[in-house]
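Inspection log for the structure reproduced underneath, given as structure tokens.
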Amino acid sequence: MKNELSIEEYYNGVKSNDRSILSRAITLIESSKREHQFLSEELIQRCLPHSGNSIRIGITGVPGVGKSTFIESFGKHITSQGHKLAVLAIDPSSQKSGGSILGDKTRMEELSSNPNAFIRPTASSGSLGGVARSTRETIILFETAGYDTIIVETVGVGQSETTVHSMVDCFLLLLLAGAGDELQGIKRGIMEMADIITINKADGENIKPAQRASAQVKNAIHLFPPADNGWITQVETCSALENIGLDTIWEAIKSFENSTKLNDAFKNNRQNQAVYWMHQTIKEQLENRFYQNPIMKEKLANIEKALLNNQLSSYQAAKNMLNE
């Protein structure tokens, strides 16, 4: 890293929202170098007392739903209300492409140049746990820097939705208006995770199909068990391109925040997430230490031979290794 900053310089830079130092602090957190990890742990420890004062929104959607356009339009609406917005992406699914957020950043030109918004491409290479850790810690930096609204976007598909859901307060699912097959290919689990479901591209000839899709989704939601937090999933329609319905979605998010804060579900959710990520980190660290230990590597190679020669069952082989 160029001209390594001291912990004091990092902390003061983040606290005063120096965008250059904030960017470098995020890069520090994403680094796998041991000395950077020690420094980032100390920085996070310093920032923790200043964190937590934001609404964290997860956004996911089917391919082609117009997520980038939605985030740019919605982000401009949020900042026009006097809020400070940070946008992050999480994509552990692609180690080759580097994720699409880099492309998104160039597409979100207006939001990128907005002084009250900060768009950050998140490192997509590495394990899900590594990406999740850096995302969670980047959220702490953003909150310390005074960003009161944080959007975490899923770029990958599959497990990344569950990961994002476990680090945000409110989860928004974007669906397409269209041919009446909006629910095709949407995993029930993702539908159940959503606090707000939005049918995008509800403009022009798509208005009626969007209304039909909205009615379909509302019917589908009634089949799901009620959420523990007492919130009933809201279904909205919008057009990110025409800036229609964005205010209603923002109102739904604020309503969700107020409702869950009143019954302590908001606080309980954050506490449960903190405990969950502690356990996830323990599991990941134990696994890393096991497989990186040179003695275990050697024993593992030997036991694999015994396994392939039918001298041991998979269960017995694993048990022997754990006993070691």
Residue check, Q45 free of Cβ contacts under 8 Å to residues at least 40 places away in the same chain and of a type outside the set (S, T, Y): yes
Go through the range 48-78 and give me each residue that's in a helix (DSSP H, G or I), over 22 Å from D247 (Cα atoms) and touching a residue at least 24 places away in the same chain (Cβ under 8 Å). L48, H50
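Listed here are the residues, each with its yes/no results for (1) hydrophobic (A, V, I, L, M, F, W, C); (2) in a loop (DSSP other than H, G, I, E, B); (3) assigned by TED's automatic domain parsing to the domain that holds I71.
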residue: G189; (1), (2), (3): no, no, yes
residue: I197; (1), (2), (3): yes, no, yes
residue: I207; (1), (2), (3): yes, no, yes
residue: A220; (1), (2), (3): yes, no, yes
residue: A252; (1), (2), (3): yes, no, yes
residue: S255; (1), (2), (3): no, no, yes
residue: R270; (1), (2), (3): no, no, no
Within the range 237-252, track down each residue that is in contact with a strand residue (DSSP E or B) (Cβ under 6 Å, 6 or more places away or on another chain), within 16 Å of G61 (Cα to Cα) and not hydrophobic (A, V, I, L, M, F, W, C). T237
Collect the residues in the range 111-121 that are modelled with pLDDT of 80 or more and either surrounded by fewer than 22 Cβ atoms within 10 Å (Cβ to Cβ) or within 18 Å of the chain's Cα centre (by Cα) (or both), keeping them in residue-number order. S112, S113, N114, P115, N116, A117, F118, I119, R120
Count - residues of the range 214-262 that are more than 25 Å from H83 (Cα to Cα) and either without any contact (Cβ under 8 Å) to a residue 40 or more places away in the chain or surrounded by fewer than 13 Cβ atoms within 10 Å (Cβ to Cβ) (or both): 16
On the basis of being among the β-branched types (V, I, T), in a helix (DSSP H, G or I) and under 30 Å from T163 (Cβ atoms), does I282 make the cut? yes
Could we say that L128 is over 14 Å from L22 (Cβ atoms), aliphatic (A, V, I, L, M) and either touching a Cys at 6+ places or on another chain (Cβ under 8 Å) or at pLDDT 75 or above (or both) here? no
Counted residues, the range 144-160 - those being part of a loop (DSSP other than H, G, I, E, B), small (G, A, S) and either modelled with pLDDT under 95 or touching a strand residue (DSSP E or B) at 6+ places or on another chain (Cβ under 6 Å) (or both): 2
Does the range 226-248 contain any residue that is more than 30 Å from A202 (Cβ to Cβ) and either outside any helix (DSSP H, G or I) or of a type in the set (S, T, N, Q) (or both)? yes
Checked S73, S68, S80, S51 against criteria (among the polar types (S, T, N, Q) and farther than 27 Å from D203 by Cα); the one match is S51
Does the range 133-143 contain any residue that is at pLDDT below 75 and acidic (D, E)? no
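Every residue, every condition in (1) assigned by TED's automatic domain parsing to the domain that holds D169; (2) farther than 20 Å from Q159 by Cα; (3) modelled with pLDDT under 90, yes or no:
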site	(1), (2), (3)
I55	yes, yes, no
V62	yes, no, yes
S68	yes, yes, yes
K76	yes, yes, no
A86	yes, yes, no
A89	yes, no, yes
S94	yes, no, yes
I101	yes, no, yes
E109	yes, yes, yes
For the range 274-324, the count of residues that are β-branched (V, I, T) and surrounded by 13 or more Cβ atoms within 10 Å (Cβ to Cβ) equals 2
Considering the range 141-170, residues that are polar (S, T, N, Q) and crowded, with 22+ Cβ neighbours inside 10 Å, and then whichever is nearest to I253 (Cα to Cα), we arrive at T149
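The values are calculated or read from the model by the stated rules, or taken from the named source; none is laboratory data. In this text, all values refer to a predicted model and were calculated from it rather than measured experimentally. A quick note on method: Cβ atoms are made from the backbone with ideal geometry, for glycine too, and the neighbour counts reach across all protein chains shown.
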